Amino acid sequence: MTNLNADYVSTWYGDIAQPLFERFAAIKLVVCDIDGVFSDGRIYLGNNGEELKAFHTRDGFGVKALINAGIEVAVITGRRSAIVENRMSALGVQHIFQGQEDKLSCFEQLAKQLNLAASDIASIGDDIPDLDMLKASGLAVAVQDAHPYVQQHAHYITAQRGGFGAVRELSDLILTAQGQLQLHGGVSL
């Protein structure tokens, strides 16, 4: 990590110890929960039963940046929603698993399919259903407003809340640690 990268990261998200930054550098797959991570955790229901979720564009940019850098992105969520399928597909996410009550089993199958070790995988979550998946990851990330018990088991807690840029923060940190973070205007960090 160059001094310039360290300066940006510490300015944006706070200081990160070198051993933790090395975990970010090893990541080849990022596994995300949806509700409470990509969204703020609230589910909006219309009068006719339609479900709405809000997604932050910065998180979308972070996902695309990871994919463009050759890092796999997956979502594993307990709920089913056409909104999730549409948004994640639009971002280029190829691994979309919905209706997963046993997130750990899905996580393990995906890791095996992609031939990845735990140290190659970062997971980001916010609540108890994500805990086993987080514990199985080489880099367990909890969003800033995650349940306190989940935060106790995280290697890193984001400065941003779920639905408000937490996924982008994780993306920035991974790409910075791997020397691949690029800013528009031709500046590469």
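The values are calculated or read from the model by the stated rules, or taken from the named source; none is laboratory data. The model shown is predicted, which means the values in this text are computed figures rather than measured ones. All Cβ positions, glycine included, derive from the backbone under ideal geometry; neighbour counts span all protein chains shown.
Summary of values
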| item | result |
| --- | --- |
| Search result, residues across the stretch 97-130 that are touching a Lys or Arg at 6+ places or on another chain (Cβ under 9 Å), aliphatic (A, V, I, L, M) and in a helix (DSSP H, G or I) | Leu104 |
| The stretch 109-119, residues that are touching a helix residue (DSSP H, G or I) at 6+ places or on another chain (Cβ under 9 Å) and either buried (at least 18 other Cβ atoms within 10 Å of the Cβ) or farther than 16 Å from Val30 by Cβ (or both) | Ala111 |
| Residues being touching a residue at least 40 places away in the same chain (Cβ under 8 Å), assigned to a loop (DSSP other than H, G, I, E, B) and surrounded by 14 or more Cβ atoms within 10 Å (Cβ to Cβ) - total across the stretch 38-62 | 6 |
| Counted residues, the stretch 134-153 - those being surrounded by 16 or more Cβ atoms within 10 Å (Cβ to Cβ), under 18 Å from Val75 (Cα atoms) and not β-branched (Val, Ile, Thr) | 8 |
| Residues satisfying the stated conditions in the stretch 68-94, i.e. crowded, with 21+ Cβ neighbours inside 10 Å, assigned to a loop (DSSP other than H, G, I, E, B) and not hydroxyl-bearing (Ser, Thr, Tyr) | Val93 |
| The stretch 149-173 residues that are on the phi > 0 side of the Ramachandran plot, paired with ones that are assigned to a helix (DSSP H, G or I) and surrounded by 21 or more Cβ atoms within 10 Å (Cβ to Cβ) (beta carbon under 7 Å, 6 or more apart) | Gly165/Asp59 |
| The stretch 25-34 - residue that is of a type outside the set (Lys, Arg) and modelled with pLDDT of 95 or more and, of those, surrounded by the fewest Cβ atoms within 10 Å (Cβ to Cβ) | Ala26 |
| Verdict on Leu183 being more than 19 Å from Leu29 (Cβ to Cβ), aliphatic (A, V, I, L, M) and modelled with pLDDT under 95 | yes |
| Residue within the stretch 174-189 that is among the β-branched types (Val, Ile, Thr) and under 28 Å from Ile43 (Cβ atoms) present | no |
